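Here's the structure we're looking at; comments come further down.
Bear in mind that the values in this text are calculations on the coordinates, not laboratory data. All values derive from a computational prediction rather than experimental measurement. Cβ atoms come from the backbone with ideal geometry, glycine included; neighbour counts cover every protein chain shown.
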Amino acid sequence: MKYLFIAGKWAPAADDGTSQTINPFDATPLDTVAEASAADVDAAVTAAREAFDDGPWRQSTVTDRAALLAKIADLLQRDREQLARTESLDTGKTLNEARADVDDTTAVFRYYAGIAGSHAGRVVDPGRLHVTSRITHEPVGVCALIAPWNYPLLQISWKLAPALAAGNTAVIKPSELTPLSTVALVGLFEEADVPPGVVNLLLGQGATVGQALVAHRGVDLISFTGGLATGEAIMAAAARGVRRVALELGGKNPNIVFDGTDFDTVVDNALTAAFLHSGQVCSAGARLIVQDSLHDSFVAELAARADRIRLGRGLDPETECGPLISAAHRAKVERYISLGQAQGAELLAGGSRPAQPPLAQGFFLRPTVLGGCHRDMTVVREEVFGPVVTVERFSTEDEAIRLGNDTSYGLAGAVWTSDAGQAERVAGALRHGTVWINDYHPYLPQAEWGGFGQSGIGRELGPSGLDEYQEKKHIYHNTSPAPAHWFSG
Ligand code: NDP
């Protein structure tokens, strides 16, 4: 049984509500989880409020906070294997990927422990005598941090590490589908003696617990990663009371391939771009845009290799792709595939569930390649968030750029070319928050991550990821005050 963590104590829901978290590999229950009530949401925000307004956290120094984050990084590495196992079971992803997530999470805590002290403000030249002027960075207050189910541990770290580095207090809510690694992370904070109320954990559904949390007027800032429709609802909720809001809402990411790049490298990377974690990645390279002269051989090889991807249990070292997160999510992805075919796409690989046991029990879907696609198809325009890649073709560089920018999203994109000038021209022209040249997927804790357009508002990671959680205050000090003489009297 997993409990809520409020004001430094583990507790069941006030009304004893519970739910089950399910193993997506075989649809069996993994654990029982407290399902927070409205009273618990209020208690968590109140605890965070009190810890911010009156608790010792307010008096903590940047050095204290950096030490806490560094301690969490150490504990994450100590528990690396157990955390990776938990994440793999809860999300279905492979153990290797889950290990990488723990390492990436560790790096995020270390990064913010490292820069917290050097991002405290700046001195301004006032341009006049007898004045000193400085900008100080101060915490915003109580932060509601809401993370999705695809990278539970990693996504919460992108929010929690900078929020705490800046001196805020937090109420965090993982997805009801994947709460277990976040519960373990909060356990590490308890072990590291975080003061009561600084980190609070709510468990439960987004539509109830999440909604009550973002509506609570004790919350000063909401940071959310998830779907577009939820993001729009959260932005509307944040408008009441003019609360700060940061949104990461996914993408429809172009992966542009020019002829002349190493064939094996680019096919291999196109597979990773599209099918890592069964495509349930906000930056997935789900929209392949391939130059005419290369198109046919490239697509044939891609489809053949997609067919060979080994599906299975995340904990099995032979597995290359796990299941989707839930039956409902798989059904949504299947609807996109059917709609794509109805609108003229050609099914070149996948498109069906594996029928043989034990995979038939879980939420599996075979890696799917749709050829002959064009911009007017729904499956090309909307985020599918599953193991589905669409392929379009282009002939000129201008056409590739036009297609790559023809999306209402703008999270990430890639260009594959052996021409360095072309790489720079295309990367410069793409309207996306991250552009990879001859690579796909890597991100750095020290480099900003976020989207143009409907992919969101604000940036995570890098110094901007800390800025999100800081108010900027200008302190103007006149060291020789004298009458201003604006008025005669
Ligand atoms: P949601 O946007 O519904 O969920 C993301 C997080 O928000 C979860 O913790 C969820 O809780 C919570 N939540 C849901 N509704 C509310 C609400 N009204 N107020 C506050 N919090 C809420 O994502 P889904 O899981 O439904 O996925 C839908 C689509 O979102 C996917 O198909 C994909 O396109 C996209 N997505 C994008 C992600 C990204 O990384 N950018 C990650 C995940 C999804 P709970 O899960 O407990 O309901």
Report task. Could you work out how far helix 152-165 tilts from the main Cα principal axis of the chain, as a 0 to 90 degree angle to the nearest 10? Result -> 20 degrees
Report summary line: Candidate cut points under chymotrypsin sites (Phe, Trp or Tyr not before Pro) in region 324-364, DSSP loop plus at most 14 other Cβ atoms within 10 Å of their own Cβ, are none
Query raised in the report: How much net charge surrounds Asp307 when only the other residues with a Cβ under 14 Å from the Cβ of Asp307 are counted, with Lys and Arg +1 and Asp and Glu -1?
Result: +2
Report task. Can you run the Rg to Rh ratio on region 136-184? Use alpha carbon positions and the Kirkwood inverse-distance Rh. Result -> 1.02
Report task. Please report the orientation-averaged projected area of region 20-99, defined via the convex hull of its C-alpha atoms, in nm². Result -> 7.4 nm²
Report summary line: Taking a crude spin-label model, label points 7 Å out from Cα along the C-beta direction, the Arg310 to Ser395 distance in nm is 4.4 nm
Query raised in the report: Measuring from centroid to centroid over Cα atoms, what is the spacing of region 23-74 and region 439-460 in Å?
Result: 25 Å
Query - Relative contact order for the chain, counting Cα pairs under 8 Å that sit 6 or more residues apart, in percent - result: 18 percent
Requested in this report: Kindly provide the Kirkwood hydrodynamic radius of region 1-138 in Å, to one decimal, from all pairs of distinct alpha carbon atoms.
Outcome: 18.7 Å
Requested in this report: Give the value in nm², to one decimal: projected area of the alpha carbon convex hull of region 94-239, averaged over all directions.
Outcome: 11.4 nm²
Query raised in the report: Which value results when the Cα radius of gyration for the chain is divided by 2.2 N^0.38 Å?
Result: 1.04
Query raised in the report: Tilt of helix 263-275 relative to the longest C-alpha principal axis of the chain, in degrees (0 to 90, nearest 10)?
Result: 60 degrees
**Report entry** For region 107-158 and region 171-196, distance of Cα centres in Å
**Finding:** 21 Å
Report summary line: Longest principal axis of the chain (C-alpha) makes with the long axis of helix 420-429 (C-alpha) an angle, in degrees to the nearest 10, of 60 degrees
Query - Chain lengthening between Ile437 and Ala70 when straightened (0.36 nm per residue, less Cα-Cα) - result: 128.9 nm
Report task. Just grab the label-to-label distance for Asp103 and Asp54, each label 7 Å out from Cα along the Cβ direction, in nm (one decimal). Result -> 4.6 nm
Report summary line: For Ala207, the net charge from surrounding residues (Cβ-Cβ under 14 Å; K, R +1; D, E -1) works out to -1
Query - Pairs beyond 25 Å (Cα-Cα), from Lys71/Lys472; Lys2/Lys252; Lys159/Lys332; Lys173/Lys472; Lys2/Lys173 - result: Lys71/Lys472; Lys2/Lys252; Lys159/Lys332; Lys173/Lys472
Report task. Work out from phi, with θ = phi - 60° and the Karplus expression 6.51 cos²θ - 1.76 cosθ + 1.60, the ³J(HN,Hα) of each residue of region 409-416, listed in order in whole Hz, and give x for Gly and Pro. Result -> 8, x, 7, 7, x, 9, 10, 10
